[in-house]
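The values are calculated or read from the model by the stated rules, or taken from the named source; none is laboratory data. The structure presented is a predicted model; accordingly, all values stated were derived computationally and were not measured. Note that we place each Cβ from the backbone using ideal geometry, even for glycine, and neighbour counts take in every protein chain shown. To get the accessible areas, we keep the full protein, side chains included, count just its heavy atoms, and leave off ligands, DNA and RNA. Shrake-Rupley method; radii C 1.70, N 1.55, O 1.52, S 1.80 Å.
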Amino acid sequence: ENPVNRARNDRHVKDHHYRSNYGITIEEKEGMISLQGNKCKICETSFDEIDGRKIHVDHDHKDMAVRGILCHNCNQIIGQADDDITVLLRAVEYLRDFNSARLEAKREGVWEPWDRIPPPSSRQIKLAQKREKMANPESVL
C-alpha cells in the first residue's frame, strides 16, 4: 500500500474515532493541543516527549463533554478517581500532610528513610521468634 494513502487512511480513521466518541474532529483535537502549548493540561509534559498513542482526549463520562488533552498518566489519575474532585483533593491533602511531616522531622533531625517502614505487627514478631527458636533450639534450654 502507498504510504501516502495509508497515512491519509489512518488520519481518516482517527478523525472518525474522535467524531464518534467525543464529537470533535481531528483538527479540533490538534487545535486543543496547540492551545495547551503542546503539553498535558495537568502535568505539562510536552507531547513531543510522549508516544502519540498515549495522548488522550479527556472527557466527562456523564455527558461526554471534552475537558482537554492529557497524557496517559494524568488521564489514568482522573479515571482511577472516577472524576471525583473530593477524592483528588484528599489525595493532594494526603501528599501535603506527608511532605509537611517529613520536612518538620528533617528540621528536627529525626527523619530517616526507614522511618517510612511501619513497625512489625505482633503476628510478624511471633513468627520471627518462632523462626529464631527453630534455628537455635539450644537457646530454648
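Counting pairs of alpha carbon atoms under 8 Å apart in space and at least six apart in sequence, what relative contact order in percent does the chain give?
Values: 81 pairs, mean separation 16.5, N = 141.
It comes to 12 percent, rounded to a whole number.
Just give me a number: lysine pairs in the chain, eight or more positions apart or cross-chain, with C-alpha atoms less than 23 Å apart.
Total qualifying Lys-Lys pairs in the chain comes to 13.
Would you pull out the residues with amide H under 5 Å of Asp58's amide H, same chain only if 5 or more places away, H placed 1.01 Å from N?
Excluding prolines and chain starts, which carry no amide H, the hits are Arg67, Gly68, Ile69, Leu70.
Over all distinct Cα pairs, what is the inverse of the mean 1/r for the chain, reported as the Kirkwood hydrodynamic radius in Å?
Details: mean 1/r = 0.0495 Å⁻¹.
Taking every pair of different Cα atoms in the chain, averaging 1/r and inverting gives 20.2 Å.
I'd like to know which of Ala91, Gly79, Val110 lies farthest towards the positive end of the charge dipole of the chain, counting +1 on Cβ of Lys and Arg and -1 on Cβ of Asp and Glu.
The one lying farthest along the dipole's positive direction is Val110.
Using Cα springs under 10 Å in a Gaussian network model of the chain, which residue among Ile125, Ile69, Ile26 shows the largest mean-square fluctuation?
Of Ile125, Ile69, Ile26, the Gaussian network model singles out Ile125 as fluctuating most.
Tell me the carbon and sulfur percent of the accessible area for region 6-140, rounded to whole percent, probe radius 1.4 Å. Numbers along the way, then the final one.
Values: 5650 of 10680 Å².
Of all accessible area on region 6-140, carbon and sulfur atoms account for 53 percent.
Among Glu44, Glu27, Glu108, which one moves the most in a GNM of the chain with springs linking Cα atoms closer than 10 Å?
Glu108
Is the C-alpha gyration tensor of region 1-77 telling us rounded, prolate or oblate? Criteria: a/c under 1.5 is rounded; beyond that, a/b larger than b/c is prolate, otherwise oblate. Present the calculation step by step, with values, prior to reporting the outcome.
Details: a/c = 2.08, a/b = 1.35, b/c = 1.54.
Oblate is the answer for region 1-77, as a/c is 1.5 or above yet b/c matches or exceeds a/b.
For the chain, report the accessible area per residue in Å² (1.4 Å probe, heavy atoms, rounded to an integer). All intermediate terms of the calculation are to be shown ahead of the outcome.
Working: 11360 Å² over 141 residues.
Per-residue value: 81 Å².
For a quick check, take a GNM of the chain with Cα springs below 10 Å and name the residue from Arg131, Arg53, Arg107 with the largest mean-square fluctuation.
The residue that fluctuates most here is Arg131.
Determine the dipole magnitude for the chain: charges of +1 sit on the beta-carbon of Lys and Arg, -1 on that of Asp and Glu, nothing else is charged, the reference point is the Cα centre, and the result goes in debye to the nearest 20.
Working: 23 positive and 24 negative charges, 113 e Å.
Roughly 540 debye for the chain.
Let me have the 222 nm mean residue ellipticity of the chain computed from DSSP H runs of 4+ only, each contributing -39500 (n - 2.57), with the sum over all residues rounded to the nearest 500. Could the numbers behind the result be given before it?
Numbers: 5 runs with 76 residues, N = 141.
The per-residue figure over the chain is -17500 deg cm²/dmol.
In nm, what is the difference between 0.36 nm times the number of residues separating Phe98 and Ala135 and their Cα-Cα distance? Before the final figure, lay out each step's value.
Details: separation 37, 0.36 × 37 = 13.32 nm, distance 3.94 nm.
Roughly 9.4 nm would be gained on extension.
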